[in-house]
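The values are calculated or read from the model by the stated rules, or taken from the named source; none is laboratory data. Note that the structure is a prediction, hence the values are computed from the model and not measured. Quick reminder, even Gly has a Cβ in these numbers, built from the backbone with ideal geometry, and neighbours come from all protein chains shown. Heads up: the accessible areas ignore ligands, DNA and RNA and are worked out on the full protein's heavy atoms, side chains in. Shrake-Rupley method; radii C 1.70, N 1.55, O 1.52, S 1.80 Å.
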Amino acid sequence: MTIAIHPMHPGFAGEVSGVDITRPLSRDAVTAIEAGMDRYAVLVFHDQPLTDDQQMAFSRNFGELEATLAGEMTKPEERRMVNELGDISNIDHRNRIRARDDAKRLYALGNRLWHTDASFRATGAIYSLLSARVIPSAGGNTEFADMRAVYDALDDATKREIDGLICEHSIAFSRAELGFADFAEAHRAKIAPVRHRLVSTHPVTGRKSLYLASHIGGIVGWPVPEARAFIRDLMEHATQRQFVPAHVWRVNDLVMWDNRTTMHRARRYDDMNQVRDMRRTTLRGTGMDVEQAAAA
Ligand code: OGA
Ligand code: MN
């Protein structure tokens with residue numbers, strides 16, 4: 001079998017066939033998938049019944065795994081999986097659906113805001129890989145925004161204005177937007193703002209992207225209200241319908257996205273009555289670090 005990729009949206013999001021990612025991959029297959037990611041930024045693999053170990057093994061072809069912040073903030077005895085896997089579900093370690101006022105549920109609702117994973121970390125993240133183990137009968141789609149097309153569609157004056165701007169990202173900003181502030185004192189260091197350039201350049205393709213997320217709370221050198229109003233305008237531009245296809249999940253889908261060039265958000269579903277169990281691996285950022293260090 002040879003790997004083929006069919007675009008699902010003009011130049012964005014490809015559906016991959018001809019590969020079994022539950023098994024070890026050849027170097028050529030890894031290279032083809034990386035090239036597909038450079039081109040489409042989001043790749044969908046259907047019918048891949050991954051175990052946790054297989055998901056981690058597949059992900060490690062592309063870099064080093066990063067623990068999720070939610071996992072780090074969960075007591076070890078209450079984790080459903082190892083810390084290299086992010087628990088993107090609505091159930092607890094006893095497989096019970098989380099109560100409406102459960103702090104972990106309320107924290108996870110932040111995924112419903114447009115974001116890119118781990119932009120609140122100094123290193124950011126490269127790819128995220130989300131595997132659907134159990135899905136609800138309706139709702140719970142994930143939408144993706146192509147931040148390269150979003151950048152390209154800005155007018156020249158805006159491109160000039162934003163070139164060189166540096167944003168402050170913190171998980172506390174996105175959660176505050178939903179009225180959630182329940183961070184333990186022990187996690188203060190993890191929520192301290194980090195700085196990233198608003199315009200990033202892809203290390204392989206050289207394409208520019210808007211590096212935007214609901215985690216942004218300020219722009220260095222700007223008054224906060226002016227920065228937040230401007231970020232809202234950019235968010236509105238970025239999330240116009242033509243930039244944001246939705247992925248409608250099937251069980252055993254794996255969707256992989258490049259956090260440097262996309263945003264995403266979860267859509268609602270009946271999470272009081274239906275289980276949605278997704279697991280995420282996340283690849284630690286490296287490529288943008290030099291630029292970020294220079295920006296900091
Ligand atoms: C994530 C995420 C969206 C979803 O896993 O990083 O934002 O639809 N998930 O669950
Ligand atoms: Mn996410």
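Against the definition (within 13 Å of ligand 1 (Cβ to nearest atom), of a type in the set (Val, Ile, Thr) and touching a Gly at 6+ places or on another chain (Cβ under 7 Å)), how does residue 68 come out, yes or no?
Working: within 13 Å of ligand 1 (Cβ to nearest atom): yes; of a type in the set (Val, Ile, Thr): yes; touching a Gly at 6+ places or on another chain (Cβ under 7 Å): yes.
Taking the combined requirement at face value, the residue satisfies it.
Out of (1) modelled with pLDDT of 95 or more; (2) crowded, with 16+ Cβ neighbours inside 10 Å; (3) away from ligand 1 (no atom under 14 Å from the Cβ); (4) not β-branched (Val, Ile, Thr), what's the single condition that is false for residue 190?
(1)
Exactly one of these conditions fails for residue 144: (1) touching a helix residue (DSSP H, G or I) at 6+ places or on another chain (Cβ under 6 Å); (2) in a strand (DSSP E or B). Give me its number.
All conditions pass for residue 144, except number (1).
Examine segment 70-92 for a residue that is within 14 Å of ligand 2 (Cβ to nearest atom), open to solvent by 20 Å² or more (accessible area, probe 1.4 Å) and not in a strand (DSSP E or B), and state whether such a residue exists.
yes
Answer yes or no as to whether residue 284 is at pLDDT 95 or above, in contact with a Cys (Cβ under 8 Å, 6 or more places away or on another chain) and open to solvent by 60 Å² or more (accessible area, probe 1.4 Å). First the steps, then the outcome.
Numbers: at pLDDT 95 or above: yes; in contact with a Cys (Cβ under 8 Å, 6 or more places away or on another chain): no; open to solvent by 60 Å² or more (accessible area, probe 1.4 Å): yes.
Answer is no for this residue.
In segment 94-106, what residues are surrounded by 16 or more Cβ atoms within 10 Å (Cβ to Cβ) and under 24 Å from residue 173 (Cβ atoms)?
Just the residues of segment 94-106 that are surrounded by 16 or more Cβ atoms within 10 Å (Cβ to Cβ), to begin with: 97-98, 104-106.
Once the filter is applied, which keeps residues that are surrounded by 16 or more Cβ atoms within 10 Å (Cβ to Cβ) and under 24 Å from residue 173 (Cβ atoms), segment 94-106 yields 98, 104, 105, 106.
Taking segment 107-145 as the search range and keeping residues that are more than 16 Å from ligand 2 (Cβ to nearest atom) and modelled with pLDDT of 95 or more, which one is most open to solvent (accessible area, probe 1.4 Å)?
Applying the filter and picking the extreme gives 137.
Can you tell which of 87, 52, 38 is within 18 Å of residue 142 (Cβ to Cβ) and touching a residue at least 60 places away in the same chain (Cβ under 8 Å)?
Result: 87 is the single residue among 87, 52, 38 that is within 18 Å of residue 142 (Cβ to Cβ) and touching a residue at least 60 places away in the same chain (Cβ under 8 Å).
Residue check, residue 151 against (1) within 21 Å of the chain's Cα centre (by Cα); (2) more than 13 Å from ligand 2 (Cβ to nearest atom); (3) among the hydroxyl-bearing types (Ser, Thr, Tyr); (4) in a loop (DSSP other than H, G, I, E, B), all met but one. Which one?
Only one criterion in (1) within 21 Å of the chain's Cα centre (by Cα); (2) more than 13 Å from ligand 2 (Cβ to nearest atom); (3) among the hydroxyl-bearing types (Ser, Thr, Tyr); (4) in a loop (DSSP other than H, G, I, E, B) is unmet by residue 151, namely (4).
Restricting the search to segment 146-171, which residues are under 20 Å from residue 222 (Cβ atoms) and buried (at least 22 other Cβ atoms within 10 Å of the Cβ)?
Passing the criteria: 151, 167, 169.
Tell me, which strands (runs of 3 or more DSSP E) wholly within segment 219-284 include 3 or more residues that are more than 16 Å from ligand 1 (Cβ to nearest atom)?
Passing ranges: none, list empty.
Of everything in segment 193-210 that's in a loop (DSSP other than H, G, I, E, B) and more than 10 Å from residue 261 (Cα to Cα), which residue is least open to solvent (accessible area, probe 1.4 Å)?
198
Mind checking which pairs have a first residue in segment 257-284 that is away from ligand 2 (no atom under 15 Å from the Cβ) and a second that is part of a strand (DSSP E or B) and of a type in the set (Lys, Arg), Cβ under 7 Å, 6 or more apart or different chains?
277/133
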